[in-house]
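Shown next, in structure tokens, is the structure this report addresses.
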Amino acid sequence: MLGSSLAGIRLDWMSNLANAITVLRILLAPVFLWFLYFFFTPAEIVNWFLLAAFVLVAATDGIDGAIARKTQTISKLGKLLDPIADKVLIGGAFFVLSLLDVIPWWVTVAILVREIGMTIYRLIVIKDRVIPASSGGKFKTVLQCIAIGWFISPLNVLTYNNTLTIGFGLLYLTVFITWSTALQYLKAAK
């Protein structure tokens, strides 16, 4: 009996740990965004540090999910907070990079409209069900992180034929996948 009580406490703690990591990502995002805004310098070494910080904060997305799955402590709160944490970090990074004239505003607006719209949709249907991230939604998040990482890194100055940059190819693909996954969610909802 004592063993099962201790196991219950351990699982409870692990469930709270997964959610605490998600909350930590939400709290770290504004700190990272502040550093990004004030210290970003195109093609400079400081950007490698900013990229490392972004990767560390973004990686907590996989860590909290892995803990929740491994301990079978996936919660409704975690399913709700996880996409919000992603949107704060990723949406904020797109916003700051647009403020710095690194990424065009049309890309940021296209991505934020989709992300805010999906968040509102999730909050509307939460009374009936929690909509977890789909595999397409997870791929979209990874692609958005890759695009942001590319633009933060000093490598973003590389070009092909002096006309098409790797970063802008990533942005077009990211916007396309971002909106196609939104359509998949809406189609599945019907």
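The values are calculated or read from the model by the stated rules, or taken from the named source; none is laboratory data. All values reported here derive from a predicted model rather than from experimental measurement. Cβ sites come from the backbone with ideal geometry, for glycine too, and all protein chains shown count toward neighbours.
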Complete set of residues in the range 139-166 that are at pLDDT below 85 and either surrounded by 13 or more Cβ atoms within 10 Å (Cβ to Cβ) or closer than 25 Å to Val46 by Cβ (or both): Leu155, Asn156, Val157, Leu158, Thr159, Thr165, Ile166
Residue match in the range 74-87 (condition: without any contact (Cβ under 8 Å) to a residue 24 or more places away in the chain and out of contact with any Ser or Thr (no Cβ under 9 Å at 6 or more places or on another chain)): no
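Restricting attention to the range 141-159, which residues are under 18 Å from Ala29 (Cβ atoms) and touching a helix residue (DSSP H, G or I) at 6+ places or on another chain (Cβ under 8 Å)?
Scanning the range 141-159 gives Thr141, Gln144, Cys145, Ile146, Ala147, Ile148, Gly149, Phe151, Ile152.
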Identity of the residue in the range 1-59, more than 17 Å from the chain's Cα centre (by Cα) and of a type in the set (Val, Ile, Thr), that ends up modelled with the highest pLDDT: Val46
Filter result (under 23 Å from Leu123 (Cα atoms) and of a type outside the set (Val, Ile, Thr)) within the range 70-88: Ser75, Lys76, Leu77, Gly78, Lys79, Leu80, Leu81, Asp82, Pro83, Ala85, Asp86, Lys87
Within the range 34-64, considering residues that are small (Gly, Ala, Ser) and either exposed (fewer than 13 other Cβ atoms within 10 Å of the Cβ) or free of Cβ contacts under 8 Å to residues at least 40 places away in the same chain (or both), the one nearest to Asp101 (Cα to Cα): Ala43
Residue pairs meeting the criteria (Cβ under 8 Å; at least 6 apart or on separate chains; first within 14 Å of Lys140 (Cβ to Cβ), in the range 101-118; second among the charged types (D, E, K, R) and assigned to a helix (DSSP H, G or I)): Glu115/Lys87
Residue within the range 178-185 that is surrounded by fewer than 18 Cβ atoms within 10 Å (Cβ to Cβ) and either in a loop (DSSP other than H, G, I, E, B) or at pLDDT 95 or above (or both) present: no
Selection count, the range 93-130, where residues are over 17 Å from Phe168 (Cα atoms) and either touching a Ser or Thr at 6+ places or on another chain (Cβ under 6 Å) or assigned to a loop (DSSP other than H, G, I, E, B) (or both): 6
